[in-house]
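Asks: Sharing a structure with you now.
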Amino acid sequence: MLRLPEIHFEKRLKPPRWLGPAMPPIAVLAALIIGGLILWASGRDPIDIYQRMVRVSFTNPGALSATLVAATPLVLTGLAAAITFRMKVWNIGADGQLMIGAVFASAAGIALDEQGLAVSMTVMIIAGMVGGGLWAAIPALLRVYLNTSEVLTTLMLNYIAPLILFYLIFSTTSYWRDLTTEGARVFPRGKTILEGAFWPEYGGGVVVPFGFILGIVLAVLLTVVVRSTRFGFQMRVSADSPTAGRYAGIRTARLLVLVMVLSGAVAGIAGASQIGDFSHRLEPKILQFAVFGYTGIAVAALVRYHPLGVVVSAILVGALSNAGLALQGPELPLGLIGVNQGLILLLVAASEVSARYKVVVGRRPRTGHGAQQAGGDLDGGPAEEPASGGVS
Amino acid sequence: MNDSLVVELLVSGLLYGTPLVLAGLGELLAERGGVMNLGVEAMMLMGAVTAFWFSQSFEGPGWLALLLAILIAALVGMAISTVYAFVVVTLRANQVVSGLALLILGGATGLSSYVASVGELAGPSGRHRLQAYNLFGLSDAPVVGPLIFSQNILVYVSWGLVALAAFYLYRTQTGLHLQAVGEDPRSADAMGINVARYRYAHTVIGGALAGVAGAYYTLAIAPTWVDNVTAGAGWIAIALVITAFWRPGLLLAGAYLFGIVTSLGFTLQARGVDLPPEIFSSLPYVLTILAVVIVSSGWGRERFNAPAALGQPYTREEA
């Protein structure tokens with residue numbers, strides 16, 4: 001008969017202090033090692049590939065700038081994920097919210113006249129926030145009023161959003177589509193936004209996109225909001241226990257909608273930044289292919305949904321994405337980057353257990369109930385009394 | 001009569017509904033035990049890519065290539081779901097986050113795409129394809145001919161599995177124990193049922209079915225490889241389980257409804273209906289949202305509830 005290995009858990013009263021900060025580097029390292037094994041198993045030289053990845057993302061001239069370009073959307077989608085996941089609200093829809101944000105922001109960018117950079121940037125950012133926020137409001141309202149789990153609705157909306165973008169550029173002569181030249185009519189593409197509305201870059205040796213700075217500002221703002229405002233307090237209470245929140249007079253339904261819409265708005269800013277900082281027109285294929293939203297969840301989970309941590313982890317994960325794109329080819333299939341990012345997320349999720357429990361393999365735990373359990377036969381021997389409030 | 005629109009829609013509904021039946025049935029079994037496996041999409045894609053790779057490179061008779069390809073897809077699904085079960089059952093990690101991790105890891109931009117580029121699968125069309133039978137020579141019979149007597153082996157297998165699952169869940173002791181594990185693991189444990197083992201076993205069976213469902217795309221629907229060939233069908237299968245109130249019979253009906261909606265675009269376009277393709281492509285996702293909303297909001301919730309312990313890790317140590 002099937003026998004599971006004997007793994008026991010002793011509950012920790014308090015996780016050791018080093019564990020929190022140690023976990024992300026361990027998870028990243030382990031993911032890179034497993035990724036290296038996959039490379040090796042498919043006949044490639046992992047050391048050589050990892051060395052080249054470090055070069056194109058960190059040490060080559062211009063490499064750091066490229067990493068920041070890749071990190072820019074991830075800071076923002078990472079923040080979007082951090083806001084909701086922290087509250088155990090599962091907004092998996094940042095991908096779609098980013099795309100609809102990009103639709104709104106590019107419309108604003110096309111419509112703008114010469115109003116000056118500050119005004120046009122503000123308009124584009126707000127447009128992106130409105131787009132992303134509206135797209136997130138759908139699952140939020142469905143959850144609050146009709147009790148529908150946001151996991152599936154946000155996911156389905158991720159599949160619908162790119163179809164809207166494709167429709168706007170490829171299937172109609174919409175406002176977003178460039179119809180000025182013969183070539184653009186044959187090979188459909190988006191209208192370019194006003195040149196005066198292109199977002200600026202900063203820095204000399206290392207070029208910093210404006211969207212990245214916006215991400216840092218937002219991360220600081222969110223940290224302050226969570227720590228020291230009433231809204232943040234309500235978020236923290238509801239995260240720990242929604243029931244306690246309700247007893248304390250927090251209107252949890254309203255809070256949930258606010259948090260979801262805020263998260264969608266931040267993802268929408270990522271969409272606006274894609275238009276303003278980089279592509280300057282709606283690019284359905286690039287946005288659909290990039291999966292910034294899903295990657296943002298890995299970014300946020302790596303630092304346990306801490307807004308300031310998101311900035312650091314976005315640079316790290318961005319470096320990985322950038323290297324994947326730069327070295328893409330038969331030698332390094334693009335899929336490897338997804339493998340590494342997925343592994344990081346899986347390992348982080350799995351390592352949560354070590355904060356709450358001490359994992360003991362194959363040895364009898366000391367606690368009373370546990371000892372009884374370890375002695376029990378795994379093949380469903382005599383029924384044991386389930387522990388009730390024994391060790392807690 | 002067999003060219004009528006209704007028959008044509010039903011036939012393509014069956015073609016596109018079958019992977020949903022297989023993957024949905026696997027998810028149903030896992031969820032009946034309390035484990036919500038959100039890695040279905042990743043397991044389907046991995047099943048699809050490995051089955052296609054094997055069927056392309058295997059030298060031997062076609063039937064053997066297809067049979068082994070299906071088995072390999074099942075094994076791959078089992079391997080991935082074992083990892084998932086370890087993470088969520090033994091380590092008690094969050095099931096949503098772990099499921100997403102699997103999606104990124106194995107999904108359209110992850111391992112399935114990596115394997116496809118290593119195997120250079122994109123481009124050439126497949127050497128083998130599951131053929132439809134002509135059972136009792138009745139494939140030309142009106143209506144029932146194309147629907148019932150002219151399907152490929154996996155369709156018949158899926159029907160058998162649905163019947164088997166219904167019997168298993170409601171008429172066998174193990175099946176009833178499984179329901180107990182999903183409803184009230186503490187009492188099940190007190191009865192001497194090994195909660196962890198039930199959860200492992202059914203998550204892994206679910207993984208095997210998801211792998212085979214993936215193989216159906218590259219062996220039956222269209223024997224070629226494109227990244228993200230399942231296009232969210234794994235998530236639709238998860239939604240189907242909810243809208244079928246965790247019942248195998250309803251799941252079968254729902255899967256074919258979704259199959260019809262998925263193929264509506266192809267069928268109507270072939271008949272000269274000229275609408276933007278995006279409208280048809282979005283229909284299954286819109287329908288999924290509508291179905292989940294209807295089930296979770298109103299009368300459905302009061303009558304048929306989800307397994308009470310769905311998504312919750314079980315530990316003896318904590319009361």
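Asks: Would you be able to say whether some residue in segment A:17-29 is closer than 25 Å to A:Gln288 by Cβ and aliphatic (A, V, I, L, M)?
Replies: no
Asks: Let me ask something else about it. Could you check, for segment B:9-20, whether at least one of its residues is buried (at least 24 other Cβ atoms within 10 Å of the Cβ) and within 14 Å of chain A (Cβ to nearest Cβ)?
Replies: Looking for residues that are buried (at least 24 other Cβ atoms within 10 Å of the Cβ) and within 14 Å of chain A (Cβ to nearest Cβ), one finds none in segment B:9-20, hence no.
Asks: For B:Gly272, all conditions in the list (1) under 14 Å from the mean Cα position of the chain (by Cα); (2) at positive phi hold save one; what is the number of the exception?
Replies: (1)
Asks: How about segment A:206-234: which of its residues are in contact (Cβ under 8 Å) with a residue 24 or more places away in the chain and assigned to a loop (DSSP other than H, G, I, E, B)?
Replies: Answer for segment A:206-234, where residues must be in contact (Cβ under 8 Å) with a residue 24 or more places away in the chain and assigned to a loop (DSSP other than H, G, I, E, B): A:Val206, A:Val207.
Asks: In this structure, does A:Gly296 turn out to be part of a loop (DSSP other than H, G, I, E, B) and among the small types (Gly, Ala, Ser)?
Replies: Answer is no for this residue.
Asks: Okay, next question. Taking segment B:75-101, which residues are within 30 Å of B:Leu219 (Cβ to Cβ), crowded, with 20+ Cβ neighbours inside 10 Å and small (Gly, Ala, Ser)?
Replies: Scanning segment B:75-101 gives B:Gly77, B:Ser81, B:Ala85, B:Ser98, B:Gly99, B:Ala101.
Asks: Restricting to segment A:289-299, and then to whatever is of a type outside the set (Ser, Thr, Tyr) and within 10 Å of chain B (Cβ to nearest Cβ), can you tell me which residue is farthest from the chain's Cα centre (by Cα)?
Replies: A:Phe289
Asks: Among the residues in segment A:141-150, are any within 18 Å of A:Phe292 (Cβ to Cβ) and in a helix (DSSP H, G or I)?
Replies: No, every residue in segment A:141-150 fails to be within 18 Å of A:Phe292 (Cβ to Cβ) and in a helix (DSSP H, G or I).
Asks: Are any residues in segment A:37-49 surrounded by 14 or more Cβ atoms within 10 Å (Cβ to Cβ) and within 13 Å of chain B (Cβ to nearest Cβ), and if so, which ones?
Replies: If the condition is that a residue be surrounded by 14 or more Cβ atoms within 10 Å (Cβ to Cβ) and within 13 Å of chain B (Cβ to nearest Cβ), then A:Ile38, A:Leu39, A:Ser42, A:Arg44, A:Ile49 are the ones that fit.
Asks: Here's a follow-up. Here are B:Leu257, B:Leu290: which of them is without any contact (Cβ under 8 Å) to a residue 60 or more places away in the chain, among the aliphatic types (A, V, I, L, M), assigned to a helix (DSSP H, G or I) and surrounded by fewer than 19 Cβ atoms within 10 Å (Cβ to Cβ)?
Replies: One residue alone meets the criteria, B:Leu290.
Asks: Restricting to segment A:17-36, give me the number of residues that are farther than 18 Å from B:Ile104 by Cα and surrounded by fewer than 19 Cβ atoms within 10 Å (Cβ to Cβ).
Replies: 8
Asks: Let me spell it out: the conditions are (1) assigned to a loop (DSSP other than H, G, I, E, B); (2) within 20 Å of A:Phe292 (Cβ to Cβ); (3) within 7 Å of chain B (Cβ to nearest Cβ), and A:Thr153 meets all of them except one. Which number is the exception?
Replies: Answer for A:Thr153: the failing condition is (1).
Asks: Which pairs have Cβ atoms under 7 Å, sit 6 or more apart or on different chains, and link a residue in segment B:114-134 that is away from chain A (no Cβ under 14 Å) to one that is surrounded by fewer than 16 Cβ atoms within 10 Å (Cβ to Cβ) and in a loop (DSSP other than H, G, I, E, B)?
Replies: These pairs meet every condition: B:Ser125/B:Thr224; B:Gly126/B:Thr224.
Asks: If you check A:Val144, A:Val217, A:Val208, which single one turns out to be hydrophobic (A, V, I, L, M, F, W, C), touching a helix residue (DSSP H, G or I) at 6+ places or on another chain (Cβ under 7 Å), surrounded by fewer than 20 Cβ atoms within 10 Å (Cβ to Cβ) and away from chain B (no Cβ under 14 Å)?
Replies: The unique qualifying residue is A:Val208.
Asks: Within segment A:70-92, can you find the residues that are touching an Asp or Glu at 6+ places or on another chain (Cβ under 9 Å) and at pLDDT below 95?
Replies: A:Thr84, A:Val89, A:Trp90, A:Asn91, A:Ile92, listed by residue number.
Asks: Criterion first (more than 14 Å from chain A (Cβ to nearest Cβ), surrounded by 17 or more Cβ atoms within 10 Å (Cβ to Cβ) and modelled with pLDDT of 95 or more) does B:Ala220 satisfy it?
Replies: no
Asks: Return the residues of segment B:111-131 that are assigned to a loop (DSSP other than H, G, I, E, B) and more than 20 Å from the chain's Cα centre (by Cα); say none if nothing qualifies.
Replies: Those that are assigned to a loop (DSSP other than H, G, I, E, B) and more than 20 Å from the chain's Cα centre (by Cα): B:Gly119, B:Glu120, B:Leu121, B:Ala122, B:Gly123, B:Pro124, B:Ser125, B:Gly126, B:Arg127, B:His128, B:Gln131.
The rows are residues; the columns are (1) farther than 29 Å from A:Leu221 by Cα; (2) touching a residue at least 60 places away in the same chain (Cβ under 8 Å).
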residue	(1), (2)
A:His306	no, yes
A:Ala314	no, yes
A:Ala319	no, yes
A:Leu325	yes, yes
A:Pro330	yes, no
A:Pro333	yes, no
A:Leu345	no, no
A:Ala349	no, no
A:Arg356	yes, yes
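Asks: Sticking with this structure for a sec: Could you please let me know if B:Val204 is in contact with a helix residue (DSSP H, G or I) (Cβ under 8 Å, 6 or more places away or on another chain), closer than 25 Å to A:Gly335 by Cβ, modelled with pLDDT under 90 and not small (Gly, Ala, Ser)?
Replies: Against the criterion (in contact with a helix residue (DSSP H, G or I) (Cβ under 8 Å, 6 or more places away or on another chain), closer than 25 Å to A:Gly335 by Cβ, modelled with pLDDT under 90 and not small (Gly, Ala, Ser)), B:Val204 does not qualify.
Asks: Just to check your reading of the model, which residue among B:Ile70, B:Ile80, B:Ile104 is away from chain A (no Cβ under 14 Å) and of a type in the set (Val, Ile, Thr)?
Replies: Being away from chain A (no Cβ under 14 Å) and of a type in the set (Val, Ile, Thr) holds for just one of B:Ile70, B:Ile80, B:Ile104, which is B:Ile70.
Asks: Looking only at segment B:102-119, filter to residues that are of a type outside the set (Ser, Thr, Tyr), at pLDDT 85 or above and over 13 Å from A:Leu343 (Cα atoms); which one of those is surrounded by the fewest Cβ atoms within 10 Å (Cβ to Cβ)?
Replies: The qualifying residue surrounded by the fewest Cβ atoms within 10 Å (Cβ to Cβ) is B:Gly119.
Asks: Considering only residues that are touching a Lys or Arg at 6+ places or on another chain (Cβ under 7 Å) and β-branched (Val, Ile, Thr), look in segment A:156-203 and name the one that is surrounded by the most Cβ atoms within 10 Å (Cβ to Cβ).
Replies: Residue satisfying both the conditions and the ranking: A:Ile193.
Asks: Return a yes/no flag: does segment B:237-246 have any residue that is over 20 Å from A:Leu157 (Cα atoms) and surrounded by fewer than 20 Cβ atoms within 10 Å (Cβ to Cβ).
Replies: The answer is yes; a qualifying residue exists.
The values are calculated or read from the model by the stated rules, or taken from the named source; none is laboratory data. Note that this is a predicted model, so its numbers are computed, not measured. Backbone-built Cβ (ideal geometry, glycine too); neighbour counts: all protein chains shown.
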